[in-house]
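All remarks here apply to the structure that follows.
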Amino acid sequence: MRLFAAAYPPRAAREHLVRALSEVRAMTGTSLRWGDPEQWHVTLAFYGDQPEGAVPDLEEHLHAVASPSPPLRVGLRGAGSFGGTTLWMGLGGETTGLADLMRVCSLDPDERARQRAHLTVARLSRTERSRRAAQRRRGSRVFARGGPELADVVRALSVYDGPEWTVGEVRLMSSALGEGRSGGALHREIARCPLGGPAAPGPPGQGRPRPR
């Protein structure tokens, strides 16, 4: 099962972003595939495919690192893209504390080095990616169809400054590819680990899982 740790914005923050995105969504047409706001999250650590037996160890690990970590005030702020195919919103507020939380949640040293706190809201549709790939193979100029380039969308959202909220817990989640809305991933909650709360005791001698 694919597992990850995440922080989820509250409904008020999601609804504020939905309103801000409504005009952008109208001008992009069908070139972008938008995520389900109910599943919007900030990934703190990605554990990849793990056996079910790894879940108790991961829960113990997240409880242990969340317990000494204080709650954090953050807000969605600005935007960016990965590889010209993925649209994300950045974060402001107590970002140093958030970076520290991401570092201790992760089990992979390479992941720690490349982490950037963000919330993914849209990706280029498969049709649009295929069309652009075909244009590159033909040596044609790649251009957006039915809407602006993703870089234009990023510029339009660069001034976004959403309401702050408190990150008070880390959630251990599973991700089932292709089972969500419009063929996206479906995320299911496995455990919640409060920040600044008591560490959950684990069985004696239980170790931490290793990424596969």
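Below is a table of values for the structure above.
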quantity: Simple label model, 7 Å out from Cα along Cβ direction - Arg114 to Arg25, nm; calculated: 3.0
quantity: Positive-end extreme of charge dipole, segment 18-104 - chosen from Met102, Ser67, Ser31 (charges on Cβ); calculated: Ser31
quantity: Spin-label pair Asp36/Leu186, simplified geometry with 7 Å Cα→Cβ offset, distance in nm; calculated: 0.8
quantity: Ascending count of other beta-carbon atoms within 10 Å, so fewest first, for Val104, Val170; calculated: Val104, Val170
quantity: Environment charge at Ser67 (Cβ cut-off 12 Å; Lys +1, Arg +1, Asp -1, Glu -1); calculated: -2
quantity: Cα gyration tensor shape for segment 17-128, rounded if a/c is under 1.5, else prolate or oblate; calculated: prolate
quantity: Interchain or long-range residues, amide H under 5 Å from Gly48's placed H; calculated: Leu3
quantity: FRET efficiency for Ala12 and Ala176, using Cβ-Cβ distance with R0 set to 35 Å, rounded to 0.05; calculated: 0.80
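Rule-based calculations on the coordinates, nothing more; no lab input. This one's a predicted model, so the numbers in the text were calculated from it and none came from an experiment. Every residue, glycine as well, gets a Cβ built from its backbone with ideal geometry; the counts of neighbours run over all protein chains shown.
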